[in-house]
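Any read-out appearing in this document is the output of simple, stated calculations on the displayed coordinates, not a laboratory observation. Only a predicted model underlies this, so the values are computations on that prediction, with no experimental measurement involved. Positions of Cβ are backbone-derived with ideal geometry, glycine not excepted, and every protein chain shown enters the neighbour counts.
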Amino acid sequence: DGGITQSPKYLFRKEGQNVTLSCEQNLNHDAMYWYRQDPGQGLRLIYYSQIVNDFQKGDIAEGYSVSREKKESFPLTVTSAQKNPTAFYLCASSTAGGGRAEAFFGQGTRLTVV
Amino acid sequence: GQNIDQPTEMTATEGAIVQINCTYQTSGFNGLFWYQQHAGEAPTFLSYNVLDGLEEKGRFSSFLSRSKGYSYLLLKELQMKDSASYLCAVRAHTGGFKTIFGAGTRLFVKA
């Protein structure tokens with residue numbers, strides 16, 4: 001079955017450490033996205049990528065980094081520069097370009113800084 | 001930039017009809033989506049509008065007016081399982097296509 005997989009589901013990080021969240025899709029989608037969701041809030045765009053080896057900053061990119069070396073994979077690194085990283089992180093993919101490019105979401109990673 | 005506004009919370013009764021409104025401001029408009037999100041879960045796609053008018057899909061309908069920057073999601077014959085957050089999202093082409101989400105409307109369905 002095609003889908004989008006995030007791992008791990010729960011992640012604990014010590015202050016000052018970098019941590020990488022995995023996102024893999026087998027939907028053959030060109031576009032991939034990372035969103036952050038805080039309790040009771042909507043989704044805020046961190047980074048997005050329309051094609052392999054290219055990505056753009058979203059609205060809250062500071063303290064995060066990404067790579068897009070393969071079409072299937074779009075890992076997100078939460079760096080020590082991110083001052084308040086505890087949140088629910090959602091990865092999504094879609095077809096690129098215009099038209100009905102609905103986003104398919106992974107099940108999310110809940111990151112907690114301890 | 002983009003701006004999307006939705007009511008924070010709504011309450012409705014099982015079996016009733018509820019309308020969730022969304023207003024938006026964006027350049028490069030390329031479509032509007034509605035997603036449903038249950039607590040602790042990922043959002044799931046409900047509807048897509050790119051032209052003005054009403055799109056109906058079972059108990060769910062979505063309306064768009066591009067000139068007014070306005071959309072609504074209509075839920076009929078409400079069921080308890082419809083208690084969830086409903087996210088309005090706008091796809092825009094601003095140096096690349098991206099989808100921006102509103103803060104969501106939490107709907108509580110009571111018996």
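HN-Hα J couplings of region B:77-92 from phi, Karplus 6.51/-1.76/1.60, θ = phi - 60°, integer Hz, Gly and Pro as x?
Rounded to whole hertz, the list is 6, 3, 10, 4, 5, 7, 5, 5, 9, 10, 9, 8, 9, 10, 9, 9.
At a temperature of 37 °C and a viscosity of 0.692 mPa s, determine how fast region B:1-70 diffuses translationally according to Stokes-Einstein, using the Kirkwood radius over alpha-carbon pairs as Rh; express D in µm²/s, rounded to the nearest whole number.
241
Sorting A:LEU76, B:LEU73 on the 10 Å Cβ count, fewest up front, what's the list?
A:LEU76, B:LEU73
Which residues' amide hydrogens lie under 5 Å from the amide hydrogen of A:ALA31, considering only partners 5 or more residues apart or on another chain, with H built in the peptide plane?
Answer set, sorted by chain and number: A:SER94, A:ALA96.
Working only with C-alpha atoms, what are the Rg and Dmax values of chain A, expressed in angstrom?
13.3, 42
Per residue of B:98-105, what is the mean number of Cβ atoms on other protein chains within 10 angstrom of that residue's Cβ?
What the average comes to for B:98-105 is 6.
Across the residues of B:42-54, average count of Cβ atoms on other protein chains within 10 Å?
3
Rank these for me by crowding, A:VAL19, A:VAL114, going from fewest to most other beta carbons within 10 Å.
Ordered from fewest to most neighbouring Cβ atoms within 10 Å, A:VAL19, A:VAL114 come out as A:VAL114, A:VAL19.
Which ³J(HN,Hα) values in Hz, rounded to whole numbers, follow from the phi angles of region B:27-38 under the Karplus curve 6.51 cos²θ - 1.76 cosθ + 1.60, where θ = phi - 60° and Gly and Pro get x?
Each residue of region B:27-38 in turn: 9, x, 4, 9, x, 10, 10, 10, 10, 10, 9, 7 Hz.
For peptide A:92-100, how many partner chain Cβ atoms fall within 10 Å of a residue's Cβ, on average?
4
Under a Cβ-Cβ cut-off of 13 Å, what is the net charge of the residues other than B:VAL109 that fall near it, where Lys and Arg count +1 and Asp and Glu count -1?
Local net charge: +1.
Tell me, what ³J(HN,Hα) does each residue in region A:27-38 have, in order and in whole Hz, if you take phi through Karplus 6.51 cos²θ - 1.76 cosθ + 1.60 with θ = phi - 60° and put x for Gly and Pro?
For region A:27-38, the Karplus curve yields 9, 6, 7, 7, 9, 9, 9, 10, 10, 10, 10, 9 Hz.
Which lysines, if any, have their Cα less than 27 Å from the Cα of B:LYS81, not counting same-chain residues under 8 positions apart?
Result set, ordered by chain and number: A:LYS9, B:LYS57, B:LYS110.
I need B:CYS22, A:CYS91 ordered by Cβ neighbour count within 10 Å, fewest first.
B:CYS22, A:CYS91
Excluding B:VAL50 itself, what net charge comes from residues whose Cβ is under 13 Å from its Cβ, given Lys and Arg +1 and Asp and Glu -1?
Combined, the nearby Lys, Arg, Asp and Glu give 0.
Taking N as the number of residues in the protein assembly as shown, what is its alpha-carbon radius of gyration divided by 2.2 N^0.38 Å?
Normalised Rg, Cα atoms only: 1.01.
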